[in-house]
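Since the structure comes first, as structure tokens, the remarks are kept for the end.
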Amino acid sequence: MTFIDNFIDLACRLFKVLLVVLLAIMVVMVFGNVVLRYGFNSGIAVSEELSRWMFLWVIFLGAAIAVREKAHMGSDMLVEHLPPAAQKAVVVLGQVLMLWVTWLMFTGSLAQTRINWEVEAPVTGASMAWVYTTGVVFAVFTGLMLLSELVHTLRGQLTPQQLIAAHHAAERAEAEDEAGVIDHSRGGDSSTPR
């Protein structure tokens, strides 16, 4: 594992802790505000704005973690039927396209952060740049992850995530084989679709 891979893994672990903290604070603020509104006909105005901002951070940090863990939806039906050289070419093309979109996200979010640096939020008075910084942080970490994977792919190495995916595929195949053995032992035909 390279320094970048170790850094990304550490950042993802920190992001997970931050996500838990942000979600807990959001739940307390929103629930508290609901109780205050319905029970006491009052509320805390700042909690709505802060919970909205925290929600944005949760979304973007969670999306960065999902990129690392390959948790986003994808389809590899076509790729797995290609010869190995074509598979590698398609994977590299996909990684380059994802890097391009990440670059667009970075430049757009950075521009919006700069534009809104002096703009104050209506309730808290904090800089609205914090809203757009979510995209910058997401793009930087996702860009690092994608670059690392691209380098590993071009070198012909498996990334840790690819190894994990391969391990999960082997586990699924083993489970399917065991399920076939169990069905066969009961007298059923394991080759028939269910």
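Whether any residue in segment 71-89 is at pLDDT 85 or above and loosely packed, with under 13 Cβ neighbours inside 10 Å is what I want to check.
No, there is no match, as no residue in segment 71-89 is at pLDDT 85 or above and loosely packed, with under 13 Cβ neighbours inside 10 Å.
Scan segment 34-67 for residues that are loosely packed, with under 12 Cβ neighbours inside 10 Å and aromatic (Phe, Trp, Tyr) and report the count.
Matching residues across segment 34-67 total 2.
So in segment 1-22, with the set limited to residues that are in contact with a Phe, Trp or Tyr (Cβ under 9 Å, 6 or more places away or on another chain) and of a type in the set (A, V, I, L, M), which one is nearest to ILE59 (Cα to Cα)?
Step by step, filter segment 1-22, then rank; the result is LEU19.
Could you tell me whether any residue of segment 25-33 is surrounded by fewer than 14 Cβ atoms within 10 Å (Cβ to Cβ) and either of a type in the set (Lys, Arg) or outside the structural domain of THR134 (by TED's automatic domain parsing) (or both)?
no
Does PHE15 fit the bill of being among the aromatic types (Phe, Trp, Tyr), more than 30 Å from GLU149 (Cβ to Cβ) and surrounded by 11 or more Cβ atoms within 10 Å (Cβ to Cβ)?
So PHE15 fails the test.
Name the pairs whose Cβ atoms lie under 6 Å apart, with the first residue in segment 66-90 and closer than 30 Å to LEU10 by Cβ, the second hydrophobic (A, V, I, L, M, F, W, C), and 6 or more positions between them or separate chains?
Taking only residues 6 or more apart or on different chains, the pairs are VAL67/MET145; ARG68/CYS12; ARG68/MET145; HIS72/ALA66.
Run LEU61 past the list (1) under 21 Å from PHE141 (Cβ atoms); (2) in a helix (DSSP H, G or I); (3) of a type outside the set (Gly, Ala, Ser); (4) without any contact (Cβ under 8 Å) to a residue 60 or more places away in the chain and report the number of the one that doesn't hold.
(4)
What number of residues within segment 144-169 satisfy the criterion of being at pLDDT below 85, under 19 Å from the mean Cα position of the chain (by Cα) and among the aliphatic types (A, V, I, L, M)?
Of the residues in that region, 3 qualify.
The values are calculated or read from the model by the stated rules, or taken from the named source; none is laboratory data. Bear in mind that the values here come from a model prediction, so they are computed numbers and not experimental data. When we count neighbours, we look across all protein chains shown, and the Cβ atoms used for this are built from the backbone with ideal geometry, even at glycine.
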